[in-house]
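Just below is one structure, and these are the notes that go with it.
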Amino acid sequence: MESPREIEPRFKMFPSALSDKARLTPLADVPSLIAHPDWEKPAPVMFWMHGRTVSKELDPGRYLRWIRAGIAAVAVDLPGHGERADSPRHSPDDTPGVLEEMVSEIDRVLEALKNREDAHLFDCSRVGIGGMSAGGMATLRRLCDTHTFKCAAVESTTGWLAELYEPTLTTGRAWPSKHNARDVARIDPMQHVQGFKPVPMLVLHSEADEVVPFEGMKAFLDRLTSIYEEQHANSSMIEVVTWPETGAPSEHAGFGKVASQAKTTQVEFLRKHLL
């Protein structure tokens, strides 16, 4: 049996049921948190990316639910965040650069997982991908290219970055920073959606989100639905759960009074598609 020998300082706010099963390690030089249900038997993997300005240690209850369900967690710090903190990269000015770098790191991290001495404990034939806000944007962009992920789960995010940054067809407020259109185009899922390989996908969002308005995401999902249908995939594979309001800060950071419901919905989805 392999397990952490001591509690990491970055786990000090974790419940012991999680900290006992979690460890910090670089994967392809990317700071990563790995949590495993028992460190004895192979488990499917959920790869997770957090939102801008926070770190992979945010929301340990999510990872605890996963490992209790029998799913290993691999969560990474976005470029410039967490263990590789670089405060200028927290700025909305650098969001496209952070996203582009993160998308390029996903496959390398998972390849490094396969090359660990304990790789047999991670069933890399059953891997899901997901993220919150910026992490969700990276998820959606990665799914527009060839992949082998079994499912995806995103929260409070959008697949239409051009409209998020400079809204012309939706009612969202303009992004605090201006971005080069070519930089945005490279990482905007909407502009690459034709290559999206259909997978079961769970979308959670507050309809009152003030940071990443649901209106733009809904337009992306409408387009994605047509892509699924064009590829003769059942569009019901896309599951969308929204709430009129949640009470979370800016209706964006977490799900406030429905947080438990949101987490339960997600773990049930992952059980269905990874176990």
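Consider M190 carefully, then state whether it is among the hydrophobic types (A, V, I, L, M, F, W, C) and in contact with a Phe, Trp or Tyr (Cβ under 8 Å, 6 or more places away or on another chain).
yes
Checking the structure you have, find out if any residue of the stretch 229-239 is touching a Leu at 6+ places or on another chain (Cβ under 7 Å), under 24 Å from V127 (Cβ atoms) and at pLDDT 95 or above.
Checked against the condition, which is being touching a Leu at 6+ places or on another chain (Cβ under 7 Å), under 24 Å from V127 (Cβ atoms) and at pLDDT 95 or above, the stretch 229-239 yields at least one hit.
Take the residues in the stretch 227-275 that are among the acidic types (D, E) and outside any helix (DSSP H, G or I); name whichever of them is farthest from H192 (Cα to Cα).
E245
For the stretch 41-68, what are the residues that are modelled with pLDDT of 95 or more, among the β-branched types (V, I, T) and within 14 Å of the chain's Cα centre (by Cα)?
V45 - this is the single residue of the stretch 41-68 that is modelled with pLDDT of 95 or more, among the β-branched types (V, I, T) and within 14 Å of the chain's Cα centre (by Cα).
Does R173 count as more than 18 Å from the chain's Cα centre (by Cα) and closer than 16 Å to R141 by Cα?
Here the answer is no, as R173 does not meet what is asked.
Based on what the data block shows, is A35 at pLDDT 95 or above, surrounded by fewer than 19 Cβ atoms within 10 Å (Cβ to Cβ) and not polar (S, T, N, Q)?
Criteria not met by A35.
Output the residues belonging to the stretch 75-84 that are surrounded by fewer than 24 Cβ atoms within 10 Å (Cβ to Cβ) and outside any loop (DSSP other than H, G, I, E, B).
Across the stretch 75-84, the qualifying residues are G82, E83, R84.
Do you know which residues across the stretch 189-226 are over 18 Å from H252 (Cα atoms) and part of a loop (DSSP other than H, G, I, E, B)?
H192, F196, K197, P198, V199, P200
For residues that are surrounded by 11 or more Cβ atoms within 10 Å (Cβ to Cβ) and without any contact (Cβ under 8 Å) to a residue 40 or more places away in the chain, tally how many sit in the stretch 232-251.
12
Which of the numbered conditions does E57 fail, given that it passes all the others? Conditions: (1) surrounded by fewer than 21 Cβ atoms within 10 Å (Cβ to Cβ); (2) touching a Phe, Trp or Tyr at 6+ places or on another chain (Cβ under 9 Å); (3) part of a loop (DSSP other than H, G, I, E, B).
Going through the list (1) surrounded by fewer than 21 Cβ atoms within 10 Å (Cβ to Cβ); (2) touching a Phe, Trp or Tyr at 6+ places or on another chain (Cβ under 9 Å); (3) part of a loop (DSSP other than H, G, I, E, B), E57 breaks only (1).
Which of the residues spanning the stretch 181-210 are among the β-branched types (V, I, T), under 25 Å from R126 (Cβ atoms) and crowded, with 20+ Cβ neighbours inside 10 Å?
V203
The values are calculated or read from the model by the stated rules, or taken from the named source; none is laboratory data. Keep in mind the model is a prediction, meaning the values are calculated, not measured. All Cβ positions, glycine included, derive from the backbone under ideal geometry; neighbour counts span all protein chains shown.
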